[in-house]
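Shown next, in structure tokens, is the structure this report addresses.
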Amino acid sequence: ILLVPSLAYDSLGNRLGYGGGYYDRTLSELRGEHNITAIGIAYAGQEVDSIPNESFDQRLDWVITEAGAVQFNADG
């Protein structure tokens, strides 16, 4: 399990981070070797309609907010 800070997230599990791509690169590498669950940490008010994503962006499996936890569909 990897806890991932998020500035924003959408209903598909896409996240907006802090602009360095560190979590995307780390998740990509770890997921290539292990079964990793990425859990975003955010406030419910940080959910947005849509976040643009690139081929290298890694989706969240879950997000946890003060309102509860949401699991995202692996198929998007």
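Taking each residue of segment 27-47 that is touching a residue at least 40 places away in the same chain (Cβ under 8 Å) and looking for partners that are open to solvent by 60 Å² or more (accessible area, probe 1.4 Å) and in a loop (DSSP other than H, G, I, E, B) with beta-carbon atoms closer than 8 Å, six or more apart or interchain, yields GLN46/LEU7. Collect the residues in segment 49-68 that are modelled with pLDDT of 95 or more, open to solvent by 60 Å² or more (accessible area, probe 1.4 Å) and among the hydrophobic types (A, V, I, L, M, F, W, C), keeping them in residue-number order. Scanning segment 49-68 gives TRP62, ILE64, ALA67. Considering the conditions (1) over 16 Å from ASP10 (Cβ atoms); (2) more than 11 Å from the chain's Cα centre (by Cα), ASN73 is excluded by exactly one of them, (1). Filtering segment 8-40 to residues that are more than 19 Å from ALA69 (Cβ to Cβ), over 10 Å from the mean Cα position of the chain (by Cα) and either β-branched (Val, Ile, Thr) or surrounded by 14 or more Cβ atoms within 10 Å (Cβ to Cβ) (or both) leaves GLY21, THR26, SER28, LEU30, ARG31.
The values are calculated or read from the model by the stated rules, or taken from the named source; none is laboratory data. All of these numbers come straight from a predicted model, not from anything done at the bench. Cβ: placed from backbone, ideal geometry, glycine included. Neighbour counts: every protein chain shown. Accessible surface areas use protein heavy atoms only, side chains included; no ligands, DNA or RNA. Shrake-Rupley method; radii C 1.70, N 1.55, O 1.52, S 1.80 Å.
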